[in-house]
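Remarks on the structure that follows.
The values are calculated or read from the model by the stated rules, or taken from the named source; none is laboratory data. Just so you know, these numbers come straight off a predicted model, no measurement behind them. Cβ placement follows ideal geometry from the backbone for every residue including glycine, while neighbour counts extend to all protein chains displayed.
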Amino acid sequence: MYAPDTEVRLLRTDGTISQDVFVVEEDKNAGDVRLVRKDTIVRDDKSGKIISGTRIIANAQRVFPEDIIHKAPVIDLNTESVAHCPTCHERHTVNPEDFSITCSKHGVFELYRTKEQVRRAKRPATEKSTKSKDKEVKHTTTATEAAPAQATAQVNLDEIKAMGELWVKRLKFDYSHIDARGYALLIEIDGTLYKHCFNTYNGTMGKKASDNDLSKLRSTNGAYKVADAQKARDQLAAKGYTKVD
């Protein structure tokens with residue numbers, strides 16, 4: 001599942017993702033993965049192998065790619081599926097057709113599903129059947145029909161650009177017909193520079209018009225304080241962002 005030296009994060013028991021980054025040392029056949037915490041790794045100078053560090057054994061279902069930190073992983077429980085806001089851990093119930101959650105404080109986050117979850121979601125799903133006389137009629141929902149509908153409220157990017165310095169990059173997404181983009185806004189609020197991060201899906205920040213209320217970008221709520229503007233720009237560029245002119 002994961003090659004040695006792959007950087008990963010762990011799903012905690014409360015449904016949140018670890019801030020610590022781990023490195024895969026061995027992917028075992030029994031569904032367990034042996035990990036070493038990245039900041040404790042010491043390697044042999046000659047072989048390059050890890051010779052010491054904080055090791056743990058984790059179930060493969062709790063191991064996720066390193067870049068999941070800005071997404072909301074879907075957790076399948078006995079009776080429902082849930083996801084948590086990566087910032088404040090607000091819990092949301094998730095339906096098969098959903099592609100994002102909207103946190104009441106921090107906006108929209110893309111859902112992350114494992115390959116197995118995506119495969120299950122693409123299976124034809126038989127809805128509740130109805131009977132007509134002596135014949136049962138079933139309706140089968142295809143994966144195309146089950147795909148998320150596009151929200152109608154559009155984000156005004158010109159208004160956002162007028163607030164400060166806007167950066168953008170395209171995001172990988174499970175649905176090919178969804179144009180997913182990640183944005184970072186460098187904005188000065190009361191003399192201090194902040195960075196707001198948000199995603200759009202086909203030009204929207206959420207399913208409701210209230211999700212696209214831009215006044216939240218003028219607030220420090222959910223924003224990161226920026227100490228060095230040029231360093232922030234360099235970091236965005238290194239992550240694949242380009243400045244919106």
- Message: When the residues of the stretch 208-225 are narrowed to those that are in a loop (DSSP other than H, G, I, E, B) and not charged (D, E, K, R), which ends up modelled with the lowest pLDDT?
- Response: G222
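Regarding the stretch 47-61, can at least one residue be identified that is within 19 Å of the chain's Cα centre (by Cα) and either surrounded by 15 or more Cβ atoms within 10 Å (Cβ to Cβ) or at pLDDT below 85 (or both)? Steps first, answer last, please.
Start the filter on the stretch 47-61 by keeping residues that are within 19 Å of the chain's Cα centre (by Cα), which leaves 60-61.
Filter again for either surrounded by 15 or more Cβ atoms within 10 Å (Cβ to Cβ) or at pLDDT below 85 (or both), leaving 60-61.
Yes, because at least one residue in the stretch 47-61 is within 19 Å of the chain's Cα centre (by Cα) and either surrounded by 15 or more Cβ atoms within 10 Å (Cβ to Cβ) or at pLDDT below 85 (or both).
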- Item | Tally of residues being at pLDDT below 85 and in contact with a helix residue (DSSP H, G or I) (Cβ under 6 Å, 6 or more places away or on another chain) across the stretch 30-46 | 1
- Message: Step by step: first the residues of the stretch 226-241, then only those that are among the aliphatic types (A, V, I, L, M) and assigned to a loop (DSSP other than H, G, I, E, B), then the one that is surrounded by the most Cβ atoms within 10 Å (Cβ to Cβ). Which residue is that?
- Response: V226
- Of all residues making up the stretch 101-129, the number that are touching a strand residue (DSSP E or B) at 6+ places or on another chain (Cβ under 7 Å) and at pLDDT below 70: 5
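With D67, D27 as the choices, which residue is at pLDDT below 85, touching a strand residue (DSSP E or B) at 6+ places or on another chain (Cβ under 6 Å) and within 21 Å of E116 (Cα to Cα)? Let's see the steps before the verdict.
Details: D67 fails: touching a strand residue (DSSP E or B) at 6+ places or on another chain (Cβ under 6 Å).
Checking each option against the conditions leaves just D27.
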